[in-house]
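*Asks:* Just dropping this structure here.
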Amino acid sequence: NFELTAFKPPYDVATYYNNTWSDVAKDIYESPYFGAELSKKSHFKEDLLKLKSSTGTPAENMVAIFEFVKQKLKWNEEYGIYTSTDGIKKAYTDGIGNVAEVNLTLVAMLKEAGYQAHPVLLSTRSHGIPLYPTHEGFNYVIACVESAGKVILFDATESNSTPDNLPLRDLNWEGRLVKEDGTTVSVPLYPAVYSEQNTKLTSEMQADGMFTGTMITSFNNLKGIEYREDYGLMKESELKSSLESKYNQIQIEKVKLNNIENTYKPVTEMLAFSADNLVDIINDKIYLSPMLFLSVRENPFKLDERTYPIDYGTPWKNQVLVSIKIPEGYAVESKPEDMALGLVSDLGAVIMQTVVEKNTIIVKYQSTINSALIGPDHYKELKEIYKLAIAKQQEKIVLSKSKI
């Protein structure tokens, strides 16, 4: 996309536009549909007084204001950095508004409450990356608070978000913090904390290959936001059906979700399952995959070459602990060798370990990516690690009848 940088009529002086980010920030802030909206506060003063009357700490009061705006104003899914002509007052009254009306309301309330709050302009992931000073490069605005030398980011359009835990659409390189005087600084949008998924699967296998077991999985930070978006509003019957489709090889007997509404704790999925197609029985031997139905079967990276970075949105960790009680009369004949793979520069690692304790097989698997962005120069290496990790997951544990 192109944007006008300068205009020079014949035999006249050139007029320049958007020379610097400060020029852009000043123009945007001076718009009656941006900076002027932040001075409007009469419509929320009474509500803010109630929020501030609690005995909470400054951090707790800040979160209380954020949660109030999330509940008070619903996002109509309209993008843009400016409010509509009706402005934030009408949006506040109606309880619905575009992204600017929702998050500029949050900025205004935080400022009125005494916090160093500012709007942050950004371009969502589907909109591209504004590499040079531009108005049109931004299509979204969030809120921030400067506190103790740090910048805390907020997006009140996302009901499942928490401070510094933004939805994936926001996580696109850098935003521009805009101050009242028109000055601006870049703000990293990628979080420093890991998006985490931790699974503990406990199962028992019969001699005929039938499995029963339980699985508990927790989802934290961005994975928590995404899980709540995907499954949070489902009825139990819908959730069962969806998870059976996701996990493919099992029948779910019971399922329960914890902390689905408490966004400040990891959401936890607990299920009881049965399965009769997880193993191959040939003569007196049983063959099974170490991670059962949790194995990854397809490499997401298929291109031979890649020009752009791999953009995960956040650093992430995926930990799996599988416990399999084997049938009486059987012993482990062979198992996959342990594996430890790492990317250069400590960008990530995959570890898998299989141990046998009496009549129980314990499989530990962990994959970690330590950076939200992996450059294209590491693409082939990352692709190869995925390939090796998937191959390791497909190796078989072999059980044979014990010789007495």
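The values are calculated or read from the model by the stated rules, or taken from the named source; none is laboratory data. Owing to the predicted nature of the structure, the values given are computational and were not obtained by experimental measurement. Positions of Cβ are generated from backbone atoms using ideal geometry, with glycine treated the same way; all protein chains shown enter the neighbour counts. Ligands, DNA and RNA are excluded from the accessible area calculation, which covers all protein heavy atoms including side chains. Shrake-Rupley method; radii C 1.70, N 1.55, O 1.52, S 1.80 Å.
*Asks:* Being open to solvent by less than 30 Å² (accessible area, probe 1.4 Å), more than 28 Å from the chain's Cα centre (by Cα) and not β-branched (Val, Ile, Thr) is the filter here; which residues of segment 331-355 pass it?
*Replies:* Result: 336, single match.
*Asks:* Do we find a residue being open to solvent by 20 Å² or more (accessible area, probe 1.4 Å), among the acidic types (Asp, Glu) and in a loop (DSSP other than H, G, I, E, B) anywhere in segment 382-399?
*Replies:* Checked against the condition, which is being open to solvent by 20 Å² or more (accessible area, probe 1.4 Å), among the acidic types (Asp, Glu) and in a loop (DSSP other than H, G, I, E, B), segment 382-399 yields at least one hit.
*Asks:* Of the residues 236, 226, only one is of a type outside the set (Ser, Thr, Tyr), open to solvent by 30 Å² or more (accessible area, probe 1.4 Å) and closer than 24 Å to residue 365 by Cβ; which?
*Replies:* 226
*Asks:* Let me ask something else. Looking at (1) outside any helix (DSSP H, G or I); (2) out of contact with any Gly (no Cβ under 6 Å at 6 or more places or on another chain); (3) open to solvent by less than 40 Å² (accessible area, probe 1.4 Å); (4) among the β-branched types (Val, Ile, Thr), can you tell me which one residue 129 breaks?
*Replies:* The one condition residue 129 does not meet is (3).
*Asks:* Assess whether residue 108 counts as being open to solvent by less than 10 Å² (accessible area, probe 1.4 Å), hydrophobic (A, V, I, L, M, F, W, C) and in contact with a strand residue (DSSP E or B) (Cβ under 6 Å, 6 or more places away or on another chain).
*Replies:* It is false that residue 108 is open to solvent by less than 10 Å² (accessible area, probe 1.4 Å), hydrophobic (A, V, I, L, M, F, W, C) and in contact with a strand residue (DSSP E or B) (Cβ under 6 Å, 6 or more places away or on another chain).
*Asks:* Quick check on segment 364-372. Is at least one of its residues outside any strand (DSSP E or B) and open to solvent by less than 40 Å² (accessible area, probe 1.4 Å)? Steps first, please.
*Replies:* Step one: filter segment 364-372 for residues outside any strand (DSSP E or B), giving 370-372.
Within this subset, residues satisfying the condition of being open to solvent by less than 40 Å² (accessible area, probe 1.4 Å) are 371-372.
Yes; the residues of segment 364-372 include at least one that is outside any strand (DSSP E or B) and open to solvent by less than 40 Å² (accessible area, probe 1.4 Å).
*Asks:* Quick check on residue 5: is it within 25 Å of residue 183 (Cα to Cα), without any contact (Cβ under 8 Å) to a residue 24 or more places away in the chain and either of a type in the set (Lys, Arg) or touching a strand residue (DSSP E or B) at 6+ places or on another chain (Cβ under 6 Å) (or both)?
*Replies:* Answer is no for this residue.
*Asks:* Tell me, which residue of segment 1-56 that is farther than 30 Å from residue 95 by Cβ and basic (Lys, Arg) is most open to solvent (accessible area, probe 1.4 Å)?
*Replies:* 8
*Asks:* Quick one: residue 263 ticks every box in (1) open to solvent by 40 Å² or more (accessible area, probe 1.4 Å); (2) outside any strand (DSSP E or B) except a single one, so which number is it?
*Replies:* If we test residue 263 against (1) open to solvent by 40 Å² or more (accessible area, probe 1.4 Å); (2) outside any strand (DSSP E or B), just (1) comes out false.
*Asks:* Something else now. Would you list the helices (runs of 4 or more DSSP H) that sit entirely within segment 3-90 and hold 2 or more residues that are more than 19 Å from residue 109 (Cβ to Cβ) and over 29 Å from the mean Cα position of the chain (by Cα)?
*Replies:* In segment 3-90, the matching helices (runs of 4 or more DSSP H) lie at 21-29.
*Asks:* Let me ask something else. Could you grab the pairs with beta carbons closer than 7 Å, sequence gap of 6+ or different chains, first residue in segment 359-381 and farther than 17 Å from residue 301 by Cα, second one in a strand (DSSP E or B) and among the small types (Gly, Ala, Ser)?
*Replies:* Sorted first by the residue in segment 359-381, then by its partner, the pairs are 360/323; 362/323; 370/348.
*Asks:* Could you grab me the full set of residues in segment 221-239 that are touching a residue at least 12 places away in the same chain (Cβ under 8 Å) and not in a helix (DSSP H, G or I)?
*Replies:* Of everything in segment 221-239, those that are touching a residue at least 12 places away in the same chain (Cβ under 8 Å) and not in a helix (DSSP H, G or I) turn out to be 221, 232.
*Asks:* Let me ask you something else. Residue by residue through segment 49-84, note down the ones that are within 27 Å of residue 127 (Cα to Cα) and aromatic (Phe, Trp, Tyr).
*Replies:* Matches in segment 49-84: 66, 75, 79, 82.
*Asks:* Any chance you could count how many residues in segment 185-220 are farther than 28 Å from residue 264 by Cβ, assigned to a strand (DSSP E or B) and open to solvent by less than 50 Å² (accessible area, probe 1.4 Å)?
*Replies:* Qualifying residue count, segment 185-220: 4.
*Asks:* Among 284, 338, 346, which is among the acidic types (Asp, Glu) and touching a residue at least 60 places away in the same chain (Cβ under 8 Å)?
*Replies:* The unique qualifying residue is 284.
*Asks:* Would you tally the residues in segment 174-184 being modelled with pLDDT of 95 or more and open to solvent by 50 Å² or more (accessible area, probe 1.4 Å)?
*Replies:* So the answer is 1.
*Asks:* State whether the residues of segment 132-140 include one that is β-branched (Val, Ile, Thr), modelled with pLDDT of 95 or more and either more than 18 Å from the chain's Cα centre (by Cα) or closer than 14 Å to residue 80 by Cβ (or both).
*Replies:* no
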